[in-house]
Amino acid sequence: MFAGLLAVPGNADPHKALPDSVHQDPRLHRIRTFFSQRNAPAQKYAAEFVRAADRHNLDWRLLPSISFLESGGGKAFKNNNIFGWQNCERRFRSISHGIHTVAERLANSSLYRDKDLDSMLFTYNPRREYPAKVKAVMLLLGPSELSTVGPAVY
C-alpha cells in the first residue's frame with residue numbers, strides 16, 4: 001500500500017512543475033546551482049531536465065549542457081528553443097515542451113539512437129570540438145551517478 005502512494009498516475013503531465021518543497025533529487029540542486037552561478041534562466045527548468053532525462057534514459061547532465069552551449073542556458077534563444085534545435089528554427093510551445101521533445105528525439109530518433117555520446121553529439125553539431133565542449137560542461141555539473149536518499153522525487 002505504501003508503494004502505491006508514491007506511484008505517479010500513468011496520465012500525469014510530464015510538463016507540470018511540482019512545488020519546490022518536494023524536490024529532493026540532488027541533480028536538481030546541481031543544475032539549479034550551475035545555472036544560477038551563471039545567471040542563466042534555465043535554472044527554473046531543472047526538474048524538466050531531470051524528468052526528461054529519466055523518462056528517456058539519458059544522462060541527466062546532457063540536456064542542461066547542450067542548452068548551456070547553445071543558448072547560454074536560456075540567455076539567448078528564439079522560438080522557445082534553448083537547444084539550437086534545427087538551427088533554432090524549430091518552434092516549441094514552451095521551453096518545457098522543447099526539453100521533452102529534444103530528449104525524445106535524442107533517445108528515439110534513428111539519427112541518435114544507439115550511438116555513443118561522442119557520435120551522438122557530433123551528429124547533433126558536426127563541429128569537431130563540439131563533443132568535447134558538451135562533455136566539459138557535463139563534468140562541471142558533476143558525476144553521472146549521484147546518490148540519493150530514498151526514491152528520487154522531482
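With +1 on the Cβ of every Lys and Arg and -1 on the Cβ of every Asp and Glu, and nothing else charged, how large is the dipole of segment 25-154 about its Cα centre, in debye rounded to the nearest 20?
Here segment 25-154 has a charge dipole of around 420 debye.
Hey, what's segment 78-126 come to in accessible area per residue, 1.4 Å probe, Å²?
Numbers: 2610 Å² over 49 residues.
It amounts to 53 Å² per residue over segment 78-126.
Where a Cα-Cα gap under 14 Å defines reach, which aspartates and glutamates qualify for K44, not counting those fewer than 8 residues away within the same chain?
Straight-distance partners of K44: D20.
Could you sort R27, R32, R55 by accessible area so the largest value comes first, with the probe set to 1.4 Å?
Values: R27 35, R32 70, R55 140 Å².
Descending order: R55, R32, R27.
In whole percent, and with a 1.4 Å probe on the protein chains, what portion of the accessible area of segment 60-154 is carbon and sulfur?
Of all accessible area on segment 60-154, carbon and sulfur atoms account for 51 percent.
Determine, from the Cβ-Cβ distance of H29 and L111 and an R0 of 30 Å, the FRET efficiency 1/(1 + (r/R0)^6), rounded to the nearest 0.05.
The formula returns an efficiency of 0.40 here.
Between A136 and R55, take the C-beta separation as r, use R0 = 25 Å, and let me know the FRET efficiency to the nearest 0.05.
After rounding, the FRET efficiency stands at 0.45.
Could you give the distance between the Cα centres of segment 115-146 and segment 31-104, to the whole Å?
14
Shape verdict for segment 21-154, please, from the Cα gyration tensor: rounded (a/c under 1.5), prolate (a/b greater than b/c) or oblate.
Values: a/c = 1.45, a/b = 1.27, b/c = 1.14.
Because its axes are fairly even, with a/c under 1.5, segment 21-154 counts as rounded.
The values are calculated or read from the model by the stated rules, or taken from the named source; none is laboratory data. All figures in this text were calculated on a predicted structure; none of them were measured in a lab. Note that we place each Cβ from the backbone using ideal geometry, even for glycine, and neighbour counts take in every protein chain shown. The area values use the complete protein model at the heavy-atom level, side chains included, leaving out ligands, DNA and RNA. Shrake-Rupley method; radii C 1.70, N 1.55, O 1.52, S 1.80 Å.
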